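Okay, so here's the structure we're looking at.
Bear in mind that the values in this text are calculations on the coordinates, not laboratory data. The structure presented is a predicted model; accordingly, all values stated were derived computationally and were not measured. Cβ placement follows ideal geometry from the backbone for every residue including glycine, while neighbour counts extend to all protein chains displayed.
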Amino acid sequence: MNTTPRRVEHQQTDRGYIPVYTTATVEQPWADYTPSEHEVWATLFRRQREVLQGRACNEFLENQQRFGMTPDTIPKFQDLNKVLKAGTDWEIVGVEGLLPDEIFFDHLANRRFPVTWWIRKPEQLDYLSEPDLFHDLFGHVPMLLNPVFADYVQAYGRGGVKAHKLGADALMNLTRLYWYTVEFGLINTPEGVRIYGSGIVSSKGESIYCLESDSPNRIGFDLERIMRTQYKIDTYQQTYFVIDGFQQLMDATLPDFTPIYARLEDQPAFPAGSVQQDDRVIHRGTGEGWVKTGDA
Ligand code: PHE
Ligand code: FE
């Protein structure tokens with residue numbers, strides 16, 4: 001039988017509404033997925049593989065293929081873990097949904113990536129307000145096979161444990177970094193700007209919008225700029241930050257953030273869609289036709 005995800009707490013934050021779930025890891029109830037749930041996976045998988053040709057970076061597309069994910073059935077965590085363990089020594093653990101920050105950080109710091117076991121309903125193909133199996137598996141897991149990115153996510157987890165002890169402001173600065181890189185990051189490649197962020201690759205609408213719309217800003221990666229930039233979780237992004245390579249991300253985030261957090265404490269935050277004086281502007285957004293809803 002299918003168990004219902006158990007939400008334990010709801011948080012209304014300045015970023016929007018955030019449900020928080022039970023903290024335990026769970027077995028993936030694979031035998032309980034219904035034909036309709038496998039069908040949701042199949043539809044989304046086919047659709048996104050096609051949309052992402054020429055839009056997602058090669059690291060994403062190639063690593064996703066190495067897992068042998070197919071549209072036929074929802075993948076088994078067990079099978080993916082064989083590839084992931086052998087590749088970068090990460091593993092997937094099943095969870096009910098979003099976790100409290102400290103628990104999430106602890107998983108990442110130990111090279112465990114929490115994946116929501118349940119998948120969205122057929123009427124939610126285009127929009128869902130929280131991460132589900134499709135977002136987590138299709139979106140996040142492929143990049144964990146890239147050695148540099150795999151180390152970056154672990155370092156983020158360790159940084160999270162530290163930021164959590166430092167307080168709410170440090171935590172907010174760090175969370176923005178995750179948002180604008182792991183979730184909504186773009187990368188410059190010889191072929192042009194490409195997607196690596198998980199929140200984008202799991203959304204058909206945003207995969208096209210982030211690269212082809214004139215509406216959002218596309219700005220060169222800058223650590224402190226990102227740490228000061230607000231974001232919304234229930235709309236397409238108004239600003240994307242573009243890295244020049246994954247090593248840049250690693251190098252920029254290597255130093256101890258403690259003095260950076262301290263410095264940022266007295267500085268005002270930047271609104272999500274703003275352009276600042278020192279920005280390396282790749283595209284200045286028109287802000288027109290700005291889309292009110294985005295996929296998870
Ligand atoms: N260097 C960061 C710190 O001292 C840790 C970190 C690394 C955070 C990579 C994010 C990404 O907190
Ligand atoms: Fe995510």
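The table for this structure:
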{"read-out": "Qualifying positions in segment 74-99 - buried (at least 16 other Cβ atoms within 10 Å of the Cβ) and part of a loop (DSSP other than H, G, I, E, B)", "value": "Ile74, Pro75, Trp90, Glu96, Gly97, Leu98, Leu99"}
{"read-out": "Scope segment 179-203; condition surrounded by fewer than 20 Cβ atoms within 10 Å (Cβ to Cβ) and either assigned to a strand (DSSP E or B) or within 16 Å of ligand 2 (Cβ to nearest atom) (or both); matching residues", "value": "Asn188, Thr189, Gly192, Val193"}
{"read-out": "Which listed residue is surrounded by fewer than 17 Cβ atoms within 10 Å (Cβ to Cβ), among the β-branched types (Val, Ile, Thr) and either in a helix (DSSP H, G or I) or within 16 Å of ligand 1 (Cβ to nearest atom) (or both), from Val161, Val153", "value": "Val161"}
{"read-out": "Options Thr286, Thr235, Thr253: the member that is more than 21 Å from Asn63 (Cα to Cα) and within 16 Å of ligand 1 (Cβ to nearest atom)", "value": "Thr253"}
{"read-out": "Given (1) touching a helix residue (DSSP H, G or I) at 6+ places or on another chain (Cβ under 9 Å); (2) farther than 18 Å from Met69 by Cα; (3) away from ligand 2 (no atom under 15 Å from the Cβ), index of the condition Pro131 fails", "value": "(3)"}
{"read-out": "Matching option when the condition is more than 17 Å from Arg176 (Cβ to Cβ) and crowded, with 20+ Cβ neighbours inside 10 Å, among Tyr209, Tyr240", "value": "Tyr209"}
{"read-out": "Lone qualifier among Leu137, Leu174, Leu108 - being of a type outside the set (Val, Ile, Thr), without any contact (Cβ under 8 Å) to a residue 60 or more places away in the chain, in a helix (DSSP H, G or I) and buried (at least 22 other Cβ atoms within 10 Å of the Cβ)", "value": "Leu108"}
